[in-house]
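The values are calculated or read from the model by the stated rules, or taken from the named source; none is laboratory data. Because the structure is a prediction, the values reported are computed rather than measured. Reconstructed Cβ throughout: ideal geometry from the backbone, glycine too, with neighbour counts over all protein chains shown.
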Ligand SMILES: [Zn+2]
Ligand SMILES: [Zn+2]
């Protein structure tokens, strides 16, 4: 397991590697453009080369890109759908230029419309973004299930993958907080095992490519996406130990998005996660 954090690339893409290194992260996740603006950031060949060089000299082993939150690949509005396609394709191409393990995407929202139709539309946009890029993986993230968001269940994630053509470049990013919010137990060994067997039946665990580790302010099935600092929420230290030590997750990058320093991740948070994982592993061994 490669434990790491979401970090900022402010001041230059390579700065994200520096920030990750300061935290002791083995994996980092970045936004490839300002998360509140549609305009893609154009990186020069020099920016990209500097990133690759910083990375090769660092302990950061895995890099993920998070597509920005404005995207709605399932939108009924042709302008939003077109902008989403442009931005997603751009993210995949940057991913290719920096050797990212994948681009993480919130699949979109049906808003108040029909979910099935939104899944079909999202599938078309995702398939087109894959066709317009070469090899970077796309990880669909499970969502907390607020409003009309797509990806609240393994069934919806499977339908999205099918609608997008079931390319081998499509994978899943599971978020511990979103799983709990959408009604999937992740805090006990048995509960998490049941959740993952449901995931296996619907999507296939071979599609599992990355993880977000976040504690949750609100409980099971709340359908609300409210992260808590690790160990302080409804998942808690014991639940996070279980999550981090699951054998299915062993080779995956896991990104902490919400830390204890006013939401930002600190080196102590990363250390805490290592400790919780070790605790979980010995607990499982003793059981
Ligand atoms: Zn996300
Ligand atoms: Zn979230």
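Data overview
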{"item": "Every residue from the stretch 96-116 that is touching a helix residue (DSSP H, G or I) at 6+ places or on another chain (Cβ under 6 Å) and in a helix (DSSP H, G or I)", "result": "97, 98"}
{"item": "Residue list for the stretch 247-287, restricted to those being part of a loop (DSSP other than H, G, I, E, B), within 16 Å of ligand 1 (Cβ to nearest atom) and under 16 Å from residue 2 (Cα atoms)", "result": "252, 257, 265"}
{"item": "Filter result for the condition that a residue is surrounded by fewer than 18 Cβ atoms within 10 Å (Cβ to Cβ), within 18 Å of the chain's Cα centre (by Cα) and in a loop (DSSP other than H, G, I, E, B), over 35, 9", "result": "35"}
{"item": "Any chance residue 144 is within 25 Å of residue 114 (Cβ to Cβ), within 16 Å of ligand 1 (Cβ to nearest atom), modelled with pLDDT of 95 or more and touching a helix residue (DSSP H, G or I) at 6+ places or on another chain (Cβ under 8 Å)", "result": "yes"}
{"item": "Boolean, residue 196 is within 16 Å of ligand 2 (Cβ to nearest atom), modelled with pLDDT of 95 or more and either under 26 Å from residue 287 (Cβ atoms) or outside any loop (DSSP other than H, G, I, E, B) (or both)", "result": "no"}
{"item": "Residue within the stretch 109-117 that is within 19 Å of the chain's Cα centre (by Cα) and either modelled with pLDDT of 95 or more or away from ligand 1 (no atom under 16 Å from the Cβ) (or both) present", "result": "yes"}
{"item": "Pairs, first farther than 21 Å from residue 211 by Cα and in contact (Cβ under 8 Å) with a residue 60 or more places away in the chain in the stretch 63-85, second part of a loop (DSSP other than H, G, I, E, B) and away from ligand 1 (no atom under 15 Å from the Cβ), C-beta under 7 Å, six or more apart", "result": "74/110"}
{"item": "Filtered residues of the stretch 128-151 (kept if under 20 Å from residue 97 (Cα atoms) and assigned to a loop (DSSP other than H, G, I, E, B))", "result": "132, 133, 134, 135, 136, 137"}
{"item": "Residue 236 being at positive phi and away from ligand 2 (no atom under 16 Å from the Cβ)", "result": "yes"}
{"item": "Condition broken by residue 195, with the remaining ones in (1) more than 16 Å from ligand 1 (Cβ to nearest atom); (2) in contact with a helix residue (DSSP H, G or I) (Cβ under 8 Å, 6 or more places away or on another chain); (3) touching a residue at least 24 places away in the same chain (Cβ under 8 Å) satisfied", "result": "(3)"}
{"item": "Residue selected from the stretch 137-192 under the condition more than 15 Å from ligand 2 (Cβ to nearest atom) and touching a residue at least 60 places away in the same chain (Cβ under 8 Å), by the criterion farthest from the chain's Cα centre (by Cα)", "result": "189"}
{"item": "Complete set of residues in the stretch 38-74 that are more than 21 Å from the chain's Cα centre (by Cα) and in a loop (DSSP other than H, G, I, E, B)", "result": "39, 42, 43, 44, 57, 58"}
{"item": "Residue count, the stretch 206-246 (criterion: assigned to a helix (DSSP H, G or I) and either touching a residue at least 24 places away in the same chain (Cβ under 8 Å) or within 16 Å of ligand 1 (Cβ to nearest atom) (or both))", "result": "10"}
{"item": "Failed item, numbered, when residue 114 is tested on (1) free of Cβ contacts under 8 Å to residues at least 24 places away in the same chain; (2) closer than 29 Å to residue 251 by Cβ", "result": "(2)"}
{"item": "Residue in the stretch 10-22 that is away from ligand 1 (no atom under 16 Å from the Cβ), in contact (Cβ under 8 Å) with a residue 60 or more places away in the chain and touching a helix residue (DSSP H, G or I) at 6+ places or on another chain (Cβ under 6 Å) present", "result": "yes"}
{"item": "Filter result for residue 159 (within 14 Å of ligand 1 (Cβ to nearest atom) and farther than 21 Å from residue 1 by Cβ)", "result": "no"}
